[in-house]
Amino acid sequence: MRDPRYDILFEPMAIGPVTAKNRFYQVPHCNGGGYRDPSAAAEMRGVKAEGGWGVIFTEQCEMHHTSEITPFIELRLWEDKDIPMLRKMSERMKTHGGLAGIQLAYSGINGPNLYSKEVPLAPSAMPIRTFTNDPVQARALDKSDIKDLRRWFVNAAKRSKDAGFDLICLYGAHGFGIFQHFLSRATNQRSDEYGGSLENRARFVNEVIGDIKDAVGDTMGITLRVSLDETIGDLGFSNAEVRDFIEMNKDLPDLWDLAHGTWEDCSGPSRFKEEGAQEQLVRGIHELTNKPIVGVGRFTSPDVMAKMVKTGTLDFIGCARPSIADPFLPKKVEEGRIEDIRECIGCNMCITGDMTMSISRCTQNPTFMEEWRKGWHPEKMNTKGDSNNVLVVGSGPAGLEAAWALCRRGYDVAVAEAKTEIGGRVVREAKLPGLSAWGRVVDYRQYQLSQRANVDIYLESELDTDSILEFGFENVCIATGAKWRADGVARQHVVPMPIASGAKIYTPDDLMDGTIPEGKVIVFDDDHYYMGGVLAELLAKNGADVTLVTPSAYVSDWTNNTLEQIAIHPRLVDAGVEIVLNRGITEIHADHVVSNCVYTDRTQRFECDAVVMVASRKEENALFDGLKAREAEWADAGIKSVKIIGDANAPGPIAWATYAGHRYARELDGDDIGDALPFRREITELALD
């Protein structure tokens, strides 16, 4: 069943005293659950075990209360009380022969300790480095502190063993871990035996790994995650120095876990990073050590994975985002079902769960983090209900996901699409600069639906209320999407803004339809996700003189949560786009706009030939409203239910649409739960007085 080209990916591989059954290695990744939702996180990892991953890691686990990153919600291993929660996770990870790993993190210069109120500790005294620039400084570790920290790591390692884990990852990458802080001259400015030379800066990690190996090394593999290149100049831990460090300490851990410098570099979105983008930084390192190496690169292609191993670049294929998009990726490769893999699109929606301290989502896999909360399995659907068929109106991401999930439940599904191709907003947006990988949302579902005999797709089939009432479908799902508004209603303006006669106003839909304004163009971004920046880039590439105006302090502000804002701003600057921050638009005239400061309301005039309005979207819900108005006729027409989903119900990111489609399919013909909570949650036990 398996293509022989991929046999190498299924070879067992030793990591110290333990052996992985294959080379598929789910590296540590956050999920927005952490200590607040441990059962949800445990079941999510358990599904990956079922999907065939040889190694499965937790996310960052804070190993001591003197270094925590509140408000972010990660795992905690502060005391023995945390062990049962983590044991539940390790047991689920090992259900199908995988190795269970825990990532122990001491955040040092990144830990503001807003919850514990402890004074942060770091190699050198300096301000805490956090996403929110917390006004806190760390105290430099003295010799006594270092001795304590070594003991705390040993205690955490022993607790990890008691919790049933096979592997420990010591976190020293992305700028977040104490080991990187010691290794980097940017954060280690000590003059004692722990600072200065590379040998001295490597002393602490050598001591800790030695301590842990003495404590649990006969039964647990010890891995070290280090950055491949801090990319911050001469003071940073460069790729050349990383190679010197590994050559100097070639047998230090049982496995080298290599990741790019910052999290933004390592987990860059597909808009800015190709698959295997870190290959050049890893190539040749294997010659410096006899220990196995795992690396990442948003690997979705088995051919690329096999190449990484066959060329000696990597021993394990590290995946975080691809393991979220398809937890069954290894099993599908093993069973020769490559075409069934749900490929990661690199949108980084999963990361926003961590950044917003909420439950994570995945655009491709709407069951992510709902495995325990709602009982959703990525490969198995609940059985069909009492009715037999469904009409899905609209083939955007919500409609396609609904159809794909419904047909697997056993319903006969008809999809009616008004246009000449399926995909809705996805096929349009995928043609914009950098977003081509997003087309996988449609490609995957289009192929899967084509394999099902109980699904029919009708193109150029715009339906009205009369026709739907005549068809005789038992269930009708309205997924007709939304259109961008041209009147400016969004956040700054809750009613249409003043627009003079003769003003040329364009929406994102106009540009995606091929109408590209010329001359001096202002892009007004009051949406704050990717669209404003993408369209500014598109216009600049087409020769327009572009000014992007936004009331936010950042271009594409919400993309701070997807780790791409830091790349969007320089991309636009390089394209020649003038960026105007902290300013709104109060009036639009034929040859200029009036812009106001969001703080002082002082106005300024900007000359322009046209304005591209990236504000909010208007639901396309007229068909649903028409059906609701004739609800008295449903029974005679054989209709049991009419439901509106996705952007037609309330516009949001594509991940919201696929989730809505999946939820509709799961809940069709379900019991009426009334006011009951539609998902499971865990509640903290009250402590005894």
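The values are calculated or read from the model by the stated rules, or taken from the named source; none is laboratory data. It should be emphasised that the depicted structure is a prediction, and the values quoted were computed from it without experimental measurement. Neighbour counts are summed over all protein chains in view; Cβ atoms, including those assigned to glycine, are modelled from backbone coordinates with ideal geometry.
So which residues in segment 218-240 are in contact with a helix residue (DSSP H, G or I) (Cβ under 9 Å, 6 or more places away or on another chain), surrounded by fewer than 22 Cβ atoms within 10 Å (Cβ to Cβ) and modelled with pLDDT of 95 or more?
Correct list: Thr219 only.
Are there any strands (runs of 3 or more DSSP E) wholly within segment 12-74 with 2 or more residues that are within 28 Å of Arg680 (Cα to Cα), and if so which?
On the way: elements: 13-15, 18-20, 24-26, 55-62.
The qualifying strands (runs of 3 or more DSSP E) are 55-62.
Quick one: count up the residues across segment 418-427 that are in contact with a helix residue (DSSP H, G or I) (Cβ under 8 Å, 6 or more places away or on another chain) and not in a helix (DSSP H, G or I).
Residues meeting the conditions: 4.
For (1) under 16 Å from Ala403 (Cβ atoms); (2) outside any loop (DSSP other than H, G, I, E, B), each residue gets a yes or a no:
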site	(1), (2)
Asp636	no, yes
Ile639	no, no
Lys643	yes, yes
Pro651	no, no
Ala657	yes, yes
Ala660	yes, yes
Arg663	yes, yes
Arg666	yes, yes
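Any residue that is assigned to a helix (DSSP H, G or I), over 17 Å from Ser395 (Cβ atoms) and outside the structural domain of Trp404 (by TED's automatic domain parsing) - is there at least one of those in segment 453-469?
The answer is no, given that none of the residues of segment 453-469 is assigned to a helix (DSSP H, G or I), over 17 Å from Ser395 (Cβ atoms) and outside the structural domain of Trp404 (by TED's automatic domain parsing).
Working only within segment 244-277, note down all residues that are more than 24 Å from the chain's Cα centre (by Cα) and part of a loop (DSSP other than H, G, I, E, B).
The answer is Asn249, Lys250, Asp251, Leu252, Pro253, Asp254.
Output yes when any residue across segment 203-214 is under 24 Å from Glu287 (Cα atoms), in contact with a Leu (Cβ under 6 Å, 6 or more places away or on another chain) and either assigned by TED's automatic domain parsing to the domain that holds Phe316 or not polar (S, T, N, Q) (or both), and no when none is.
Among the residues of segment 203-214, at least one is under 24 Å from Glu287 (Cα atoms), in contact with a Leu (Cβ under 6 Å, 6 or more places away or on another chain) and either assigned by TED's automatic domain parsing to the domain that holds Phe316 or not polar (S, T, N, Q) (or both), which makes the answer yes.
Can you confirm whether Tyr444 is buried (at least 21 other Cβ atoms within 10 Å of the Cβ), outside the structural domain of Asp326 (by TED's automatic domain parsing) and more than 27 Å from Cys344 (Cβ to Cβ)? Give the derivation first.
On the way: buried (at least 21 other Cβ atoms within 10 Å of the Cβ): yes; outside the structural domain of Asp326 (by TED's automatic domain parsing): yes; more than 27 Å from Cys344 (Cβ to Cβ): no.
Considered against the rule, which asks whether it is buried (at least 21 other Cβ atoms within 10 Å of the Cβ), outside the structural domain of Asp326 (by TED's automatic domain parsing) and more than 27 Å from Cys344 (Cβ to Cβ), Tyr444 comes out as no.
Would you confirm whether or not segment 501-511 contains a residue that is in contact with a strand residue (DSSP E or B) (Cβ under 7 Å, 6 or more places away or on another chain), among the β-branched types (Val, Ile, Thr) and closer than 19 Å to Ala575 by Cβ?
No, segment 501-511 contains no residue that is in contact with a strand residue (DSSP E or B) (Cβ under 7 Å, 6 or more places away or on another chain), among the β-branched types (Val, Ile, Thr) and closer than 19 Å to Ala575 by Cβ.
Search segment 619-660 for residues being buried (at least 20 other Cβ atoms within 10 Å of the Cβ) and small (Gly, Ala, Ser), and hand back the single one that is farthest from Glu470 (Cα to Cα).
Within segment 619-660, the match that is farthest from Glu470 (Cα to Cα) is Ala655.
From the set of residues in segment 52-76 that are surrounded by 23 or more Cβ atoms within 10 Å (Cβ to Cβ) and of a type in the set (Gly, Ala, Ser), which is nearest to Lys117 (Cα to Cα)?
Checking each candidate, the answer is Ser67.
Considering Gly385, Gly439, Gly396, Gly410, which residue is surrounded by 21 or more Cβ atoms within 10 Å (Cβ to Cβ) and touching a residue at least 12 places away in the same chain (Cβ under 8 Å)?
Gly396
In this structure, does Gly584 turn out to be of a type in the set (Gly, Ala, Ser), assigned by TED's automatic domain parsing to the domain that holds Pro653 and in contact with a Ser or Thr (Cβ under 7 Å, 6 or more places away or on another chain)? Break it down into steps so the answer makes sense when it comes.
Values: of a type in the set (Gly, Ala, Ser): yes; assigned by TED's automatic domain parsing to the domain that holds Pro653: no; in contact with a Ser or Thr (Cβ under 7 Å, 6 or more places away or on another chain): yes.
When the stated conditions are applied, Gly584 does not pass them.
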